[in-house]
Amino acid sequence: MLRHALYSQSFRVLEPFFKKAGFSYAPLGYHFRKNEDWGWQIISLSLVQHEKQSYIDCRFGLRLNIVEQLVEPYARSLGENLANENSYECSLLNFKKEDQGHFLLSQAGDLDRLAAHIKDFFRREGFGLLSRWQKLPELHQWIGKNEMHPNPNKSLNYLHYFRALAIASLIQAPDWEHKQRLYGRLLLDSKCPLLIQDKYQEFSRQLATTALN
């Protein structure tokens, strides 16, 4: 169908722009990625359907190996593999309540407009945010001030709260106990399985008894 063809073309249209910023296109993963010693920065595009309209959801974020190393043993005990997972990501569609019309994809003319909007965002602040987030205190502060919008296409959304607590631990945040209770409550509200809630409490105890806090 036309929208799927346009979705595929969106990567080719955006590839030169992101390549100049050091990102490589990974067609099997539907994303652009910039590898770093500490992990990577990532920008992904997905096609979403809402009320008979098609939109491009552009998500951007990063992987911090130091965070994943803390979370990985607990994820592994739940049967999860974090080798290709991100530590934090944000949807541009939800960012600052962006106008969804910018991301509408229904005809060929939409592609240039959408690509221009994405490029403009990353020039203005997107690349700057990715640089800020690689600093743990900045990322902790950002998570504390903004709603968490886990990726609806991933089954590992509950690990978002594990990661947020790990970040608070790594910077020895003075509000660690408050964050521990907050993320635990959000996890409970998400109605995730009891086993995951138990693992979160086990993870919390481990962090609380190590030199991280």
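Every read-out reported here was derived from the displayed coordinates using simple, explicitly stated rules and does not represent laboratory data. Just so we're clear, the structure is a prediction, and the values are computed from it rather than from any experiment. Neighbour counts run over all protein chains shown; Cβ positions are idealised from the backbone, glycine included.
First measure r as the distance between the Cβ atoms of residue 210 and residue 94, then evaluate 1/(1 + (r/R0)^6) with R0 = 30 Å and state the FRET efficiency to the nearest 0.05. According to the calculation, E is roughly 0.30.
Extension gain for residue 77-residue 116 works out to 9.7 nm (0.36 nm per residue, less the C-alpha to C-alpha distance). Under a model in which nothing but the beta-carbon of Lys, Arg (+1) and Asp, Glu (-1) is charged, the chain shows a dipole of about 260 debye around its Cα centre. Normalised by the number of residues in the chain, the mean separation of alpha-carbon contacts (under 8 Å, six or more apart) gives a relative contact order of 16 percent. The chain has equivalent-ellipsoid semi-axes of 33, 18, 16 Å, by the square roots of 5 times the alpha carbon gyration tensor eigenvalues, sorted largest first.
With charges only on Cβ, +1 for K and R and -1 for D and E, what is the dipole size of segment 65-146 about its Cα centre, in debye, rounded to 20? Write down the numbers at each step before the final one.
Working: 10 positive and 12 negative charges, 68 e Å.
Magnitude of the dipole: close to 320 debye.
Rounded to the nearest 10 degrees, the inclination of helix 136-145 to the longest alpha-carbon principal axis of the chain is 80 degrees. Enter the angle in degrees (range 0 to 90, nearest 10) between the Cα long axis of helix 176-189 and the first principal axis of the Cα atoms of the chain, meaning the one along which they spread out most. Result, in degrees: 60.
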